[in-house]
Amino acid sequence: MKVKICGITSLEDAKMCCELGADMIGFVHVPGRERSMTVDKIFEICSSLDPTMTNVLVCAPQDLSEALHLFVESGADILQTYSLEPSDLIELRDKRVEVFRVVPPDRSEATRFSKAADAIVFENGRPGTGSSYDYTTIPIDCCAKAIVAGGLTIENLHLAKVLGPYALDVSSGVESSPGRKDPELVAEFIRRCHE
């Protein structure tokens, strides 16, 4: 099972997560969100990391052209979006952009995007708030690659891990303060996911 550490806000934290064995790290570009950064800052960090690390741009573009612009300017490897329709995602993939689509734990929504996205990220409630929910409500069988996000911590990750998703996505659950990752929490989260 892969691990994505999201809400990275500094090069120091990005390198630390890479060294501790994260499979993916996520950078938020959603104005108004606590961990949101400029695309220029995201590019600066991505270009300073080992090229083997998978960098994910988390955003909510208004349309396809904005999505492409943000993706190129950020230097990320994957575009994770809260917006866009299945037809937009298919067009992005035709342009060789790997796309994750965020949906609530709802079967009809997951099914609507399952063939258009490379992976479905299941998240409930307001993103970035660390709100956990009943992970058993996730229709994990709706897609080839399911990623569980939202409120995960060392204490509850086993509830999501038992579903057998492609990846677990954590942000506030491994922080010492908003936007600052705690090395011990990151290391333990990754260890438990990989065991």
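Here, each number is a calculation from the coordinates, and none is a lab measurement. The model shown is predicted, which means the values in this text are computed figures rather than measured ones. Please note: Cβ atoms are built from the backbone with ideal geometry, for glycine as well, and neighbour counts cover all protein chains shown.
Each label point is 7 Å from the Cα along the Cα-to-Cβ direction; what then is the distance between the points at residue 94 and residue 63, in nm?
1.7 nm
Among the listed pairs 2/145; 15/41; 115/145; 2/41; 4/181, give every one whose C-alpha distance is greater than 20 Å.
From 2/145; 15/41; 115/145; 2/41; 4/181, over 20 Å: 2/41.
Report relative contact order for the chain in percent, whole number only (criteria: Cα-Cα under 8 Å, sequence separation at least 6).
21 percent
Simple spin-label model, 7 Å along Cα-to-Cβ: residue 40 to residue 136 in nm?
5.0 nm
Antiparallel versus total DSSP beta bridges in segment 2-194: what percent is that, nearest 5?
5 percent
So what is the 222 nm mean residue ellipticity for the chain from helices alone, if each DSSP H run of at least 4 adds -39500 (n - 2.57) and you divide by all residues, rounding to the nearest 500 deg cm²/dmol?
-9000 deg cm²/dmol
Taking θ = phi - 60°, what integer Hz values does the Karplus form 6.51 cos²θ - 1.76 cosθ + 1.60 yield along segment 178-195, in sequence order, with x for Gly and Pro?
Each residue's phi maps through the Karplus curve to give x, x, 10, 7, 9, x, 5, 5, 4, 4, 5, 4, 5, 4, 5, 5, 7, 7 Hz.
Can you give the percent of C-alpha pairs in the chain whose distance is more than 24 Å?
Distances greater than 24 Å cover 33 percent of the Cα pairs.
So what's Rg/Rh here for segment 135-195, counting alpha carbon atoms and using the Kirkwood radius for Rh?
The Rg/Rh ratio comes out at 0.99.
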